[in-house]
Number of protein chains: 2
Amino acid sequence: MDKIHRLFHPAGVVVIGSMSEGKLGYELARQILLGGYTSVFVVNPKGQGGLGIPGYTTIKSINQPLDVAVIASPPDTVSASLIECGEAGISVAVIITSGFGEIGNTAAEEKLKEIARQHNLRIIGPNCAGFVSTSASLYATLEVRPPKGKMAFISQSGAIGGAVLAWADEQGVGVSKFVSYGNRVDLDEIELLPYLADDPDTRVAALYIESVKDGRKFMRAVRNFCQKKPLVVIKSGRTTSGQRAALSHTGSLAGSDHVYDAVLSECGAIRVETIEEMFDLCKGFANLPVMSGRKLAIVTNSGGPGILAADRAEKEGLFVSPPSEGLHRRLSAALPPNCGLNNPLDLTVQGTEEDYRNVITAVLKEYDAILSINVATPYLDSLALARGITDAAAQSDKPVVANFMAGEIVTESIAYLKNRGVPNYPIGERAVSVLARMAEYEKYRLAYQEEYLPAFTAQTLSKNETNEFLEPDAMQWLANNHIPVPQFFFARNVEEVTRGCMQIGFPVVLKVVSPHIIHKSDYGGVILNIQSEAEAISAFQKLEKIAQGKDFRGAMIYPMLPKTHEIILGFSHDPQFGPVVMLGLGGIFTEILKDIVIRTAPLSAKRSWEMIRSLKSYPILAGIRGQKPCNLEALTSLISNFSNLPWIYPEIKEVDLNPILLYEQEVLAADVRVILKEQ
Amino acid sequence: MDKIHRLFHPAGVVVIGSMSEGKLGYELARQILLGGYTSVFVVNPKGQGGLGIPGYTTIKSINQPLDVAVIASPPDTVSASLIECGEAGISVAVIITSGFGEIGNTAAEEKLKEIARQHNLRIIGPNCAGFVSTSASLYATLEVRPPKGKMAFISQSGAIGGAVLAWADEQGVGVSKFVSYGNRVDLDEIELLPYLADDPDTRVAALYIESVKDGRKFMRAVRNFCQKKPLVVIKSGRTTSGQRAALSHTGSLAGSDHVYDAVLSECGAIRVETIEEMFDLCKGFANLPVMSGRKLAIVTNSGGPGILAADRAEKEGLFVSPPSEGLHRRLSAALPPNCGLNNPLDLTVQGTEEDYRNVITAVLKEYDAILSINVATPYLDSLALARGITDAAAQSDKPVVANFMAGEIVTESIAYLKNRGVPNYPIGERAVSVLARMAEYEKYRLAYQEEYLPAFTAQTLSKNETNEFLEPDAMQWLANNHIPVPQFFFARNVEEVTRGCMQIGFPVVLKVVSPHIIHKSDYGGVILNIQSEAEAISAFQKLEKIAQGKDFRGAMIYPMLPKTHEIILGFSHDPQFGPVVMLGLGGIFTEILKDIVIRTAPLSAKRSWEMIRSLKSYPILAGIRGQKPCNLEALTSLISNFSNLPWIYPEIKEVDLNPILLYEQEVLAADVRVILKEQ
């Protein structure tokens, strides 16, 4: 942490690289100077300085306090430079130089790591676009220098980093810190986020990632950050072709995108798809007070655009509700009769600065936020409206945003709004989306849940289980692990069939047990609704025949259970995030309707319950149209218990419970499939 | 049509209104002059001219060829002016003046209509923002003068109109014609679209509406337009609060938004939510050749942004597929080894003008469109890339679009691209969405279907039907109208129960018939799985008891039908678009999963089939995972027959068939509810 602080507030910076004009080292040094940072030195074999910066042949010979080295020398010289950095007590080396992991040169990268470890030196990069610390006036990058502001941005991609820095000014967003970490042999968001969470210059952070290195550490960093400040995340490689590109670009395996969705929302981050949305959100979070509810008032001078924004608001879960009777009366008394006093509040093109000031001030007392949409004409003094809006906003602790339309005629007004902390968006719909995300973030923050990861004692499987894990063993294993299953009896011969049927009671179901028959139904290996001993014996013989040559072991006998709602529950191991649990609507609708929820395991009872609630078909399970509800309390504890299993039994790769039958009184895992990890 | 042509190409224009500085008439005359149109005259009581324009007291006294009057005089003088216009042989009067229907003054509006009818005069407005015809250099509006171009824009809202005109330049879109029709006592899109469809200055039209006046005429206008040119539509009032605002704003009842969705897509229009999307699409359609397939190549100089665009492309149904082996080989031979030759094709920051020209030229032979995404730094000559891109695009008849990022450093390149017809978008994702919509539009255009509206002979209902339409009548009525229903027997007493059961055959179902019991199941009025005559008689007596005091008429006897897939089919009358049909997945999933499709009636067999295919659950009905398919051919003809009923029986308001049972051999409407219109 201390080293990261020194990165952003260094006593001195050394650029390692050539000072010949046009060379990377020269341009970096020039940019650093242009940005206003002056404690800068350069090192290269010739000891060549320039631009008024003294040149040295070694770091040691500089003999000044130095915290950061920016390395831009050829790839084969980087490790030697890094050793020098370590010996000179540099805190962080930022390696701009490329030619490492991204072109398959992993050995060189391993060497960098080794050197860093030996010298207690931290690395950013290699193959990165550098970093920025605006409070230190330090721009150690070749990209456009962004305006100073409250957004921190961490990017795995240098190109995205460059685009964001170049676009920040036009988007009306200032930057506090920027880091491009490229191949990340060392520092990445996992250590940068905790620093930014406490950085007084940063109010919101944004993150562009293509992959993560340690899923659970990443989750912890995001979760802890989001408890304090909002985090906006772009994770690319969402679809298959995107994933292919990510693969060839970063050389690291992208995890399943649905898992990223689940992880990010679990941890409180706001995932967006585009840089534009990222800027929109950061502009809101950086400038506005907390959005503590969902009641939005739209104050406008024209009908159409207000309606479009109201449409979007309802879609995003904000309430554009009409004003209270009292407020309506007060507004009505103060405004001309042709104003629209429902919400949107239409002050018409005759609305004055005074009207805007008074209406917004009055309305803010009753709503959680205000969006003021105003269409200008060459004849309208839009600056007057901007004055009214900013005056009212300054008196309030609630978010006020604007949408002034359009083009050059509102340029001055938009600048006025910006200078007074009222963000303007090019269309009202985008402002609405920002307010909706802000309300969601605040709700998340207030309901913040600590990481849930109890200490599990790993258990080994029995010999039988390790070898085959056939249905009799799997059902017993579930029962032992507090997963309710139907009564069952494993019959290995006709005598045991008789005994089993007596124990279970008719009607029963018989299912074949064979290590070579997995999809039992496809083989006719499940016989339903058996009503008598004679039927049961004949069914057993039928199964024996079906499994001929397939190492027949016998039959599972179950009671014939009545039809009911079915769900699927499974776990597997995500390459990035470890154990994940999947819950979905069962039956023929599974594949078509894809009503599926994913969460990282383990799940507390509270999170299990929240998972059930997240199913689209939840109302069906909870009982609609007079139907009896399923026992969702029992399902909650089943899910919670099940989600512990990947931690208790690390030898198991995947388990599917399909279906789980949901009854009013109980829930039962009626079939199970266990897949062990490769030995 | 001729009059509309004269509106946009008038021999002369008269402004009716005060020429005192700052008055509406004066400002309009000034704007018209500033726009470059000079055959302009003014009329007001004092005969006051100004700005070099001669003033008159009457239109007649002008004695020059005049086609258009722009009326900006006080509302109580408008009708007199209108009569003058009519007598002077004016083609179109554009009434800017407000104070009519929008403030409840409908009588004055009716009078305008009456005058127009008498004098064969067409009206735009009142309460509108005027019109623009850039090819005539005529800007009869107070709004910002937009650049000349290929987009026509028709707006119900003056404010949206003003915003679009003011924003057009910055958005890089030029305007051919613009009309704001305000309260539309006369001309609106229904007559303007046919004109624009043949207007050589217009390549794409955009429409902002809050409501339509005559749904079926609107559909015809849109359908015919979209056969020739693309139409982008913003329809506001999507959600309830938006609808409330629309209500108070336009004084016309907004139809159900789902119906608008269905209607617009049926007719080939592209519905968007925001002005931003509208501009994006118009920029593409106005500049680009046809997008005739879905294969997209992304040519970029940097990884991250290319991946984000590829993500979006797959989501939007475009294929970012890798190049063929041959192309890969050719590219690989021509480019440095560190280029990414999958799609996205990453030419890296070393990519030259020559590389771009050659790669895009080669790739265009194999793909349907190209998006070139390029992130600039202060050190990159992005103009060189723009040259390579535009050179290649000029040689091809396929769409090439660009995304140069970001900010001031690419301003010059973007202008260069624009001047050579390559639209640039601020993010690649928006460019991708445009290309996807263009591909969809072209597919629609090629599959264009004529309006389907056979001549129906209206039939009157029988006396029984008109009075009550109970289940026995309704079932018979369905059968008579070629809607397959199960066998049924209406038993009014115990003797008839016996006869009915014999006729139907056990097991049977009995359902109570009473004019006062509508939700039969809730009353225990449906008795299932009756196995014998004795059971049937006792069931009948039970129903009789249930309906005690409720005018018991008897029981419907049906065969007990096996469980199967269920759907719901209904029709009703939309206030704007008339008869509409709704098809949805039945059973308990209806309300939760909202798998519903709406279409305007009647439906040809082809459109009925397309309707079934549009259900999300279609694969279930068609048979998945080895299940037998339902008889969807029978369902197709059932839907088609059903969709005729609202036209044949105009007295009926709504019919619900719920459920229709879908079997492998047949489909059966198993229950029906008919609601008559109020007498």
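Just so you know, all these numbers are worked out from the coordinates, no wet-lab data involved. Owing to the predicted nature of the structure, the values given are computational and were not obtained by experimental measurement. Virtual Cβ from ideal backbone geometry, glycine too; neighbours counted across all protein chains shown.
Observations
- Helix-only mean residue ellipticity at 222 nm for chain A, each DSSP H run of n ≥ 4 adding -39500 (n - 2.57), per residue, nearest 500: -12000 deg cm²/dmol
- Residues A:His258, B:His9, sorted so that the one with the fewest Cβ neighbours within 10 Å comes first: B:His9, A:His258
- Here the Karplus curve 6.51 cos²θ - 1.76 cosθ + 1.60, taken at θ = phi - 60°, turns the phi angles of segment A:302-316 into couplings of 6, x, x, x, x, 5, 4, 5, 5, 3, 5, 4, 5, 5, 8 Hz, with x standing for Gly and Pro.
- Normalised by 2.2 N^0.38 Å, with N the number of residues, the alpha-carbon radius of gyration of segment A:143-287 equals 0.96.
- Among A:Ile83, A:Ile234, A:Ile95, a tally of other beta-carbon atoms within 10 Å of each Cβ gives an order, fewest to most, of A:Ile83, A:Ile234, A:Ile95.
- Using a 7 Å projection from Cα along Cα-to-Cβ, the label point at A:Glu664 is separated from the same position in the remaining copies by 3.5 nm, smallest value first.
- Karplus (6.51, -1.76, 1.60) ³J(HN,Hα), θ = phi - 60°, over segment B:33-47, in Hz, Gly and Pro reported as x: 4, 4, x, x, 9, 10, 7, 10, 9, 10, 10, 7, x, 7, x
- Note on segment A:609-679 and segment B:313-389: Cα centroid distance 48 Å, given to the nearest whole angstrom.
- At an R0 of 51 angstrom, the distance between the Cβ atoms of A:His482 and B:Ser521 translates into a FRET efficiency of 0.85.
- Under a 5 Å amide H cut-off, with hydrogens placed 1.01 Å from N, A:Ile95 pairs with A:Ile71, A:Ile124, A:Gly125 among residues at least 5 apart or on other chains.
- Taking a straight line from the alpha carbon of B:Lys283, these lysines sit under 19 Å away, with near neighbours fewer than eight places off in the same chain left out: B:Lys148, B:Lys150, B:Lys177, B:Lys228, B:Lys229, B:Lys398, B:Lys418.
- Sites A:Ser135 and A:Lys111, calculated FRET efficiency, Cβ-Cβ separation with R0 25 Å, nearest 0.05: 0.15
- Within segment A:1-126, the proportion of C-alpha pairs whose separation exceeds 18 Å stands at 47%.
- For the protein assembly as shown, the convex hull spanned by the alpha carbon atoms encloses 208 Å³ per residue.
- Share antiparallel - DSSP beta bridges, segment B:1-127, percent rounded to 5: 5 percent
- Ratio Rg/Rh, restricted to chain A and using Cα atoms, in which Rh is the Kirkwood radius: 1.08
- Amide H to amide H, with H built 1.01 Å from N, A:Met405 comes under 5 Å of A:Asn374, A:Val375, A:Ala376, counting only residues 5 or more places away or on other chains.
- Beta bridges assigned by DSSP with both partners in the protein assembly as shown are antiparallel in approximately 50 percent of cases.
- Label-to-label distances for A:Ser521 across copies, nearest first, come out at 2.4 nm, using points 7 Å from Cα in the beta-carbon direction.
- Between this copy and the others, label points of A:Ile596 are 2.8 nm apart in ascending order, each placed 7 angstrom from Cα in the Cβ direction.
- Cα radius of gyration and Dmax for segment B:289-447 (Å): 14.3, 49
- Across peptide A:152-162, the average count of Cβ atoms from other chains found within 10 Å of a residue's Cβ is 5.
- Note that segment B:355-363 has calculated 3J(HN,Hα) couplings of 4, 4, 4, 6, 5, 5, 4, 5, 5 Hz, one per residue in order, obtained from phi through the Karplus relation 6.51 cos²θ - 1.76 cosθ + 1.60 (θ = phi - 60°); glycine and proline are x.
- Segment B:487-559: proportion of alpha-carbon pairs further apart than 13 angstrom, %: 56 percent
- Long-range HN-HN contacts of B:Val212 with modeled amide H, under 5 Å: B:Gly255
- Sorting B:Met560, B:Met19 by the number of Cβ atoms found within 10 Å of their own Cβ, with the fewest placed first, yields B:Met560, B:Met19.
- If R0 is taken as 41 Å, the Cβ-Cβ distance between A:Asp214 and A:Asp397 corresponds to a FRET efficiency of 0.55.
- Distance from segment A:427-475 to segment A:157-223 (C-alpha centre basis), Å: 24 Å
- DSSP-loop trypsin sites (Lys or Arg not before Pro) across segment A:139-184, with at most 11 other Cβ within 10 angstrom: none
- Two-decimal Rg to Rh for segment B:513-666 - Kirkwood Rh, Cα set: 1.03
- Taking every DSSP beta bridge that has both ends in chain A, the antiparallel portion is near 50%.
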